[in-house]
């Protein structure tokens, strides 16, 4: 049931944000492991509490409501920008905003950190491997496998 709901949600996100390009977890993992190319700028569009529980290793947290996009443009230079959140909605919204601001090579991580964790990919907290992800809330948290679900939230 989780995968069916997740797939439906991804279709809705693509429908809501048709101009936003997506990248899947395999593609992001390849980009992060390729030492021959500059790594992408990975932006975590979740709130500070979610980010503090765990995040993708190289991710920088950004407030999705930020108006100061010049900082991102300066930091990204010629690197692709990958944006993610819990499941992909907030990050798609931010990716659309970045695209409208004139930035290029913007991608939304399909399925967000929930999919990343559900696939058993590495997550981190304070530079150390982590085992759980903030579930966002009781409803969305059902998309996260129980083994990765931070219980105290």
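Sorted ascending by nearby beta carbons within 10 Å, beginning with the fewest, 119, 22 become 119, 22. Against the set (i) 0.98; (ii) 1.28; (iii) 1.19, the structure's computed Cα Rg over 2.2 N^0.38 Å falls on (i). Counting only DSSP beta bridges whose two residues both lie in the stretch 2-148, roughly 25 percent are antiparallel.
Cβ crowding within 10 Å ranks 24, 34, 78 as 78, 34, 24, fewest other Cβ atoms first.
Computed extension length for residue 7-residue 79: 23.0 nm, one decimal, from 0.36 nm per residue of separation with the Cα-Cα distance subtracted.
For residue 124 and residue 47, the difference between the fully extended length at 0.36 nm per residue and the C-alpha to C-alpha distance is 26.1 nm. Fewest-first ordering of 140, 116 by other beta carbons within 10 Å of each residue's beta carbon gives 140, 116. Helix 89-100 sits at what angle to the longest principal axis of the chain, using alpha carbons and giving 0 to 90 degrees rounded to 10? Taking the Cα atoms of the chain, the angle to 89-100 is about 0 degrees. Compactness of the stretch 80-153, taken as the C-alpha radius of gyration over 2.2 N^0.38 Å, stands at 1.19. Adding -39500 (n - 2.57) for every DSSP H run of four residues or longer, then dividing by how many residues the chain holds, sets the calculated 222 nm ellipticity at -10500 deg cm²/dmol. Taking the chain as a Gaussian network of alpha-carbon nodes connected by springs under 10 Å, the highest mean-square fluctuation of the residues 118, 137, 47 belongs to 137. Each label point was placed 7 Å from the Cα along the Cα-to-Cβ direction; for residue 105 and residue 150 their separation is 3.1 nm. D for the stretch 7-68, whole µm²/s, Stokes-Einstein with Kirkwood Rh over alpha-carbon pairs at 25 °C and 0.890 mPa s: what number? So the translational diffusion coefficient is about 178 µm²/s. For the stretch 2-148, the relative contact order comes to 29 percent (Cα pairs under 8 Å, sequence separation of at least 6). Working from label points 7 Å from Cα in the Cα-to-Cβ sense, the residue 65 to residue 27 distance is 3.0 nm.
We did not get these values from a lab; they are worked out from the coordinates using the rules stated. Predicted model, so just to flag it, every value in this text is computed and none were measured. Cβ sites come from the backbone with ideal geometry, for glycine too, and all protein chains shown count toward neighbours.
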